[in-house]
Each structure stands twice: as structure tokens, then as C-alpha cells.
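Here's the structure, in C-alpha cells; my notes come after.
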Amino acid sequence: LSGSPAEAAPNTSDFFESKTVSQITINVTDASAAKLVAEPKKSVSARFSITNEGAGFNFSNLPVKFHLKGTSTLKQNPSLVNNRPSLRVKFKRSGPLKLGFLGTLSSLTLNSMTQDVSKIHEYSAYKLFNAMDVPAPRVAYAQITVVIGTRSIDKGLFAIIEPYDDVFLNERYTTRTKHLYEPCYHWTDVTKAGAAKGGENCDTGPFEVKEGWKSTPNKDDLRSLVNVQKITDNAKWWQAMDRFTDRNEFVRMWAVENFTSAWDSYSGAVINNYYLRSDSMGVFSIHPTGADESFSYNFKMDALSIGYPLIYDNFKIQAKNRGSMFTRCLRYEPCRNQYLDALKQTKDVAKEIDLVGQMGSVAKQIEAPSEWAVRSAQNWVGMKSNEVDALLKKYGR
């Protein structure tokens, strides 16, 4: 993290690179708050204010749309008053009231981090993904206040997550994005029955089209990726993966997921929290999300099936199969060797960027509430580095 001079014109880079925690206030009417309780994922109008001394900006009372996000927190209690749901804010990008201080950003995700006691898991994991050339969000932090009518409610510290949207894709890629897909449910793999069927939304198919449906209202690219998985010969499958995916990037992502112990991921036990992006040639890249569960539950990095915390809570089953493309990679030696090399690279890159030191620095900046949880995440890096060494020895790498 490196700050910019306060007198500099504020922009997106300042926002994510500032060393200070932003202050955000969201004002909604009582009627809008009631609508969110009834339909938490349907956007309502609000007013948005943000201050960040380190980045040198102070904007207030700007019109936005926002809604609640999440799964378990919303099922339990979709309330802005007595709960801490995560939030999604969408900005006005045209006209006299557009949010110029964010450059071209169209939205922000505000994660409440209820499942991350350390408050640094997402920041740390995405740092490593990006350092490994796996395009992933940038992360900043803010103290959030929600004002409902005349009531002001302090919601505490949130992570500001850069969302996967058209702005992110245009900034990270030189090729045109055809589609951006997100699985609608847990255990949604490209091998799931009907994976390439349906339309834009989750009510018609297992994958939602987050970007590109208006210009290309079909899932022909996803169908091609699905058909690759039906190839029974491993060598031909691996060759087809090279045609229809950025194969190396897929392997690097799986390596980082395993190094950070991201069990709630594509290569984890829940086959969850990932995006698939296709370009105009139908070539896919894969991207991580939901990294708050990283650094918290260990598993073998070369196992075809693994457990996860909720399994052991109810004692009903001991393991679940992992993402099909990843497990097939483990079973095919050329791919497995590339994955092992990517694990070694991940270990080396974590050391090169001083990931442990960055964890400590950001924890200090945000005044992380649990020293123990921060140390646990830091210690995870050394533990997984040792496990990578043992795995390389096991396979003669």
C-alpha cells in the first residue's frame, strides 16, 4: 500500500492504495429500509458519502443505488438495523452528479467480514492472487455508518472489494470480454447437468451471466467449455483446455486457492466462489471471489476429495469431491506437474512480496480486533510453504 499526495486529484488508484481507512455513510429512507427487509437483493435509492484523508477526497450526499448481499446473513435476518449484511453500491456514471472521484468505477462491494475474525483474509488472499497473475479484486477498508430516516447506526469495519464488472474487465484485459459467468449455487461445476442452458439469470440455469448478455444473448462459449469436459482421453482433454481456456491461469488460480486453504472455492470442497470470463475467441479465464474463508481450514493440496468445516460440524460425511477440472488435472501427470510447479511459484512469490509482513501492516492500519487471528493467518503462510516442499518431494519435483 502506498498513499498519494493529498493535493493530487483523487482517482481509483488513490482509493485502493490509501493507507487510511475510509469513512462511508449511506442514507436511506425508512420506506427503502423496509423494502430491503422484504427484498434484500433488490436495489433501492440512497445517498452516499465517503471521506478518506489519506487519498485526499471528501464527497457527500451523492445519489446511488444499493442492495444487500450475502447468503447466510440474509437468510437469518436481512435487516440494516440489527444485523451486518454485506452491501453492494452502484454509482451514477453519467450526468452532473457522476462520481468522478472513483474514476470509471461503476460499483463497490462492501463486505461485513462476519466470518473472518482477523479481517485480513480477503486482502491477503487477493494480494497473492494478483501477484501470481490471476486477476483478482483490490481491497480497501471503510468504517460504515447507515442512516435510516433520522436514526444513525454504526456498522463498523467493512472490506471494500473491487467488483468483477465491465470496468474491472476493461482495465485488466486487452481483449474484448464476451461473457462473465457466476455460478448460482454451491456445488455448481461446468459438468453440472444443464450448465450451459438457460438465460441471463439464475431462475433459468445454473450459471448467471454477469456481463455481456445484451450484446451476445447465448451461452455458446460456455457450452464449448462444457463439451471439453466430456472428452475422455486425458491428452486430448488437456489439448482442448489449451484452446478453450487460459490453461496456465487456471492452474495458477488452483495453486493459490490451495496455498491459502480456500476451501470455499472452485478447487475446494464446495465448488463455489469463482467467475468464468470468456473473450471474443471463446477462451476462458477463471477468477476467485469469497476469499474470507481462506487461511482457516487446512486440507491436503493433492487430495481428490476433502472435508470442510460444516461437514465436521454435523458429522454426516467426511469429504466432498472438488472441482472437476482441478481433480482431472491431479489425475493427469502433465497437468499435475504444472500444478506442483505453480505451488512452488506461489510459495516463492508469497516470500518475494513479503505477504506475512503485508498482513501485519494492514492489520495494524485497520486496528484488527484479534491479534491471535492475524497471527494465525500469518503462520498459515509458513505452514503451507512447508507443505508445498513436502509435496514437491513426494512427487520428485
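The values are calculated or read from the model by the stated rules, or taken from the named source; none is laboratory data. Bear in mind the structure is a predicted one, so any value in this text is a computation, not a measurement. Using ideal geometry, Cβ is built from the backbone for each residue, glycine included, and neighbour counts are taken over all protein chains shown. The area values use the complete protein model at the heavy-atom level, side chains included, leaving out ligands, DNA and RNA. Shrake-Rupley method; radii C 1.70, N 1.55, O 1.52, S 1.80 Å.
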- From the set of residues in segment 189-230 that are of a type in the set (Asp, Glu) and open to solvent by less than 80 Å² (accessible area, probe 1.4 Å), which is nearest to GLY268 (Cα to Cα)? ASP189
- Search result, residues across segment 16-33 that are surrounded by 15 or more Cβ atoms within 10 Å (Cβ to Cβ) and of a type in the set (Gly, Ala, Ser): SER18, SER22, SER32, ALA33
- Restricting segment 246-303 to residues that are of a type in the set (Asp, Glu) and more than 24 Å from ALA195 (Cα to Cα), the one modelled with the highest pLDDT turns out to be ASP302
- Are there any pairs with C-beta distances below 6 angstrom linking a residue in segment 209-225 that is among the aliphatic types (A, V, I, L, M) to a residue that is in a helix (DSSP H, G or I), with the two at least 6 apart or on different chains, and if so which? LEU225/PHE244
- Residue in segment 350-358 that is farther than 21 Å from TYR297 by Cα, touching a Lys or Arg at 6+ places or on another chain (Cβ under 9 Å), open to solvent by 70 Å² or more (accessible area, probe 1.4 Å) and at pLDDT 95 or above present: no
- In segment 231-240, is there at least one residue being open to solvent by 50 Å² or more (accessible area, probe 1.4 Å), closer than 14 Å to SER324 by Cβ, in contact with a helix residue (DSSP H, G or I) (Cβ under 7 Å, 6 or more places away or on another chain) and touching a residue at least 12 places away in the same chain (Cβ under 8 Å)? no
- Query: Among the residues of segment 190-206, which ones are in contact (Cβ under 8 Å) with a residue 40 or more places away in the chain and either touching an Asp or Glu at 6+ places or on another chain (Cβ under 6 Å) or within 14 Å of TYR275 (Cβ to Cβ) (or both)?
  - Reply: VAL190
- Item | Residues being more than 13 Å from VAL349 (Cβ to Cβ) and in contact with a Pro (Cβ under 6 Å, 6 or more places away or on another chain) - total across segment 125-162 | 4
- Identify the single condition in (1) in contact with a Lys or Arg (Cβ under 8 Å, 6 or more places away or on another chain); (2) part of a loop (DSSP other than H, G, I, E, B); (3) farther than 16 Å from VAL139 by Cα that VAL190 does not satisfy, given that it satisfies every other one. (1)
- Task: Just give me the residues in segment 131-169 being in contact (Cβ under 8 Å) with a residue 40 or more places away in the chain and part of a helix (DSSP H, G or I), in sequence order.
- Result: ALA131, ASP166, VAL167, LEU169
- In segment 108-130, which residues are free of Cβ contacts under 8 Å to residues at least 60 places away in the same chain, more than 11 Å from the chain's Cα centre (by Cα) and open to solvent by less than 20 Å² (accessible area, probe 1.4 Å)? LEU108, SER112
- Task: Looking only at segment 251-274, decide whether some residue is touching a strand residue (DSSP E or B) at 6+ places or on another chain (Cβ under 8 Å), in contact (Cβ under 8 Å) with a residue 12 or more places away in the chain and farther than 30 Å from GLN378 by Cβ.
- Result: no
- Top-ranked residue of segment 158-188 - restricted to ones that are open to solvent by less than 10 Å² (accessible area, probe 1.4 Å) and among the aromatic types (Phe, Trp, Tyr), ranked as nearest to LYS230 (Cα to Cα): TYR181
- Note on the structure: Filtering segment 359-397 down to residues that are in a helix (DSSP H, G or I), basic (Lys, Arg) and surrounded by fewer than 19 Cβ atoms within 10 Å (Cβ to Cβ) yields LYS364, ARG375, LYS393, LYS394
